[in-house]
Amino acid sequence: MAHSPETRERVRQLYIEGMPINGAAVTCGVAYDTAREWKRLAKAKGDDWDTARAAYRISDAGVDDLNRQLVEDFARQVITTTRELEAAQIAAADKATLLAQLADAYAKFSRSFARLNPQFSGLSVALDTLKVIAEYLKKHDPAALRAIQPHVEDIGAALGKRFA
């Protein structure tokens with residue numbers, strides 16, 4: 001299916017503004033592979049979307065916003081990966097291993113970033129608390145967890161704003 005130049009530009013814009021390429025593709029009704037191909041072809045023609053993305057972040061409002069965006073991007077990737085793992089048709093032991101690796105990566109990122117940016121410490125504690133609540137509900141009240149799950153990403157964004 002052929003897509004309009006406007007659709008391609010919208011995918012590019014969303015990506016440059018910070019959305020993952022798969023999110024931009026879904027938002028615009030484009031296959032992930034198509035969006036990746038557009039990005040690759042653009043780079044071959046001298047339009048590097050990653051460079052434009054970095055420039056957008058830095059020029060938008062400086063280093064503090066860049067740091068905040070890095071944290072939000074990482075948290076979004078953790079959430080996306082967790083959701084994909086929940087739906088994945090893999091053995092429970094493999095799923096547990098992957099989740100443990102993801103949690104370890106998140107903890108290391110949080111500790112490292114907190115050293116570089118003290119404001120992040122409050123956000124780290126808040127997000128860790130949210131994780132503890134989710135784990136508790138998973139064990140003791142799965143229905144409540146399912147009820148709040150659609151709101152977790154928005155809660156994370158609200159915490160990011162509060163501790164910004």
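Cross-link check: pairs Lys39/Lys108; Lys39/Lys161; Lys95/Lys131; Lys95/Lys139; Lys43/Lys108 evaluated at a Cα-Cα cut-off of 25 Å; pairs beyond the cut-off: Lys39/Lys108; Lys39/Lys161; Lys43/Lys108. Shape summary: the range 5-52 maps onto an equivalent ellipsoid whose semi-axes, from the alpha-carbon gyration tensor, are 15, 11, 9 Å in decreasing order.
The magnitude of the dipole of the chain, with charges of +1 and -1 set on the Cβ of Lys/Arg and Asp/Glu and taken from the Cα centre, is near 160 debye. Calculated translational diffusion coefficient of the chain (37 °C, 0.692 mPa s; Stokes-Einstein with Kirkwood radius over alpha-carbon pairs) equals 185 µm²/s.
Every read-out reported here was derived from the displayed coordinates using simple, explicitly stated rules and does not represent laboratory data. Please read all numbers here as calculations on a predicted model, not as lab measurements. Note: ideal-geometry Cβ built from the backbone for every residue, glycine included; neighbour counts use all protein chains shown.
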